[in-house]
Amino acid sequence: MGQLMNIADIKALYPDEWVLLGNPIMDESEIDVLSGIPLFHSKDKKEVCYIGRGKTSNFDKITLIYTGIFRPKRKITGIFNRIAK
Amino acid sequence: MTYKFKREPESGLILINIEIDKKYELKMILDTGATNTTIDSNALYLLGYDLKDCIGTVEIETANGIIETEVFEINSFSSVGIEKEKFEIQVYDFIAHGIFSDYNGLLGLDFLEGKKFCIDTNENTITITK
């Protein structure tokens, strides 16, 4: 099992990467991570999801974070509405 | 009960934490303009679900037009004090369709169905009263 790290160290070690974390400790909003045990990391989210899946069994809680900032180049509007038949 | 949420700095979207199968905590967008809850297929695979678990397909309207997508039944899906068992969600490959963001899906109106709720964008809270 890896070592518990705080979010500042995780971001410094894996900048602009997707990081799979075991037993994360969340802030009061339960949205942002304060610390966790890094299980797998990559620039590629798909790689983290597919390879990381096999590394989660020994943990009670799992979360997935991105350590960088996405800057959207377009506005997001309502999508994904199901079409009634 | 009142729950805090955060806003995505660039877009102002409402970010909310959801928990799946009492183990996986993921960041999603609260989208009351979406009829159904949608999850990124890559995240769904991480949760342990496979294509064989698909229970059907539906057509959905996206920014790129109408597409057919798979529907999965999630054993336990919870957020803002609401827990739904056997919750049906539709699945979409965000990466393949050029959606690059740090959230993993959209929490749609179907999750809040039957609830009375109030979203306060001044205080960044959602209050569920029923």
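Need one value for B:46-56: mean number of C-beta atoms belonging to other chains within 10 Å of its residues' C-beta atoms.
For this peptide, the per-residue mean of nearby foreign Cβ atoms is 2.
Per the helix-only calculation at 222 nm, which mean residue ellipticity applies to chain B, given -39500 (n - 2.57) for every DSSP H run of n ≥ 4 and division by its residues, nearest 500 deg cm²/dmol?
-1500 deg cm²/dmol
Quick one: if the Förster radius is 25 Å, what FRET efficiency do B:ARG7 and A:LEU13 give, using the C-beta to C-beta distance and rounding to 0.05?
Result of the calculation: an efficiency of 0.35.
With springs only between Cα atoms under 10 Å, which of B:GLU19, B:GLU83, B:GLU59 fluctuates most in a Gaussian network model of chain B?
Of B:GLU19, B:GLU83, B:GLU59, the Gaussian network model singles out B:GLU59 as fluctuating most.
Modelled label-to-label distance, B:GLU85 and B:ASN64, 7 Å Cα→beta-carbon offset: nm?
For B:GLU85 paired with B:ASN64, the spin-label model returns 3.7 nm.
Can you give the mean number of other chain Cβ atoms that lie within 10 Å of the Cβ atoms in peptide A:40-47?
3
List the relative contact order of segment A:5-66 as a percent without decimals, with contacts defined as Cα pairs under 8 Å and 6+ residues apart.
Dividing the mean separation by the residue count of segment A:5-66 yields 41 percent.
What residues have an amide H closer than 5 Å to that of A:MET26, excluding those fewer than 5 places away on the same chain, when H is modeled at 1.01 Å from N in the peptide plane?
A:LEU34
Quick check on the protein assembly as shown: take the gyration tensor over C-alpha atoms, sort the square-rooted eigenvalues as a ≥ b ≥ c, and tell me if it's rounded (a/c under 1.5), prolate or oblate.
The shape class here is rounded.
List the residues whose amide H sits under 5 Å from the amide H of B:LEU13, counting only those 5 or more places along or on another chain, with H placed 1.01 Å from N in the peptide plane.
B:GLU8
Could you work out how much longer the chain between B:GLU123 and B:LYS52 gets when fully extended? Use 0.36 nm per residue separation minus the Cα distance between them, nm to one decimal.
21.3 nm
Could you go through segment B:125-130 in sequence order and give the Karplus-derived ³J(HN,Hα) for each residue, using 6.51 cos²θ - 1.76 cosθ + 1.60 with θ = phi - 60°, rounded to whole Hz, and x for Gly and Pro?
Result, ordered by residue: 9, 10, 10, 10, 10, 8 Hz.
When ranked by the protection proxy of mean other Cβ atoms within 10 Å per residue, highest first, what sequence do the peptides B:101-113, B:68-80, B:32-44 form?
So the order, starting with the most tightly packed, is B:32-44, B:101-113, B:68-80.
What's the average, rounded to a whole number, of partner chain beta-carbon atoms within 10 Å of each residue's beta-carbon in B:31-43?
Rounded to a whole number, the mean comes out at 4.
In terms of modelled amide H atoms, which long-range or inter-chain residues lie less than 5 Å from the amide H of A:LEU39?
Close amide H contacts, sequence-distant or interchain: A:LEU20, A:LEU21, A:GLY22.
Residue by residue through segment B:78-94, which ³J(HN,Hα) values in whole Hz follow from phi under the Karplus form 6.51 cos²θ - 1.76 cosθ + 1.60 (θ = phi - 60°), with glycine and proline marked x?
Ordered by residue, 3J(HN,Hα) equals 9, 6, 5, x, 10, 10, 10, 9, 6, 7, 8, 10, 9, 10, 9, 7, 4 Hz.
Every read-out reported here was derived from the displayed coordinates using simple, explicitly stated rules and does not represent laboratory data. As the structure is a computational prediction, the values presented were derived from the model and not from experiment. Note that we place each Cβ from the backbone using ideal geometry, even for glycine, and neighbour counts take in every protein chain shown.
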